[in-house]
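The next block holds one structure in the form of structure tokens; read it before the comments.
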Amino acid sequence: MSLLTEIFTWWNGQTIGTRLFTWRKGRLVGEDDQGNRYFVSKDGSDRRWVIYNGLAEASRVPAGWHGWLHHVVDVPPSEETYTPRAWEKPHKANLTGTPGAYKPDGSLANSGGRPRVTGDYDAWQPE
């Protein structure tokens, strides 16, 4: 089934074309805690790319790897010793469009009723 997935879906990991291109022209640089693998071109052109472990969602790339992919830093996070500051939170994926998305009180997507209007606001009533 994974071969069929590689042939027909571009959003789930890598395609056959990406696999062949990476095999011929890529060198593995590192892997993040989510299993995403990061590559750089062998020919010295400094082309960089990621192969996602599962769903291809750009918000799954941690900040350190994002900086390396976009040429902000030259050293990949796998080759440096970095300790996060006490105030830094761990990476959290974007949950928009999923059942885990944030739904504030009063949202139509939120279960339950809308809270009563309070304060100095009076709802408009047609005459």
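Which FRET efficiency value, to the nearest 0.05, is calculated for SER78 and ASP105 with the Förster distance at 41 angstrom and r the Cβ-Cβ distance?
Details: r = 43 Å, r/R0 = 1.04.
The computed FRET efficiency comes out at 0.45.
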In debye to the nearest 20, the charge dipole size for region 23-127, taken about the Cα centre with +1 at each Lys and Arg Cβ and -1 at each Asp and Glu Cβ, equals 480 debye
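Coordinate-derived values only; no laboratory data. Predicted model, so just to flag it, every value in this text is computed and none were measured. When we count neighbours, we look across all protein chains shown, and the Cβ atoms used for this are built from the backbone with ideal geometry, even at glycine.
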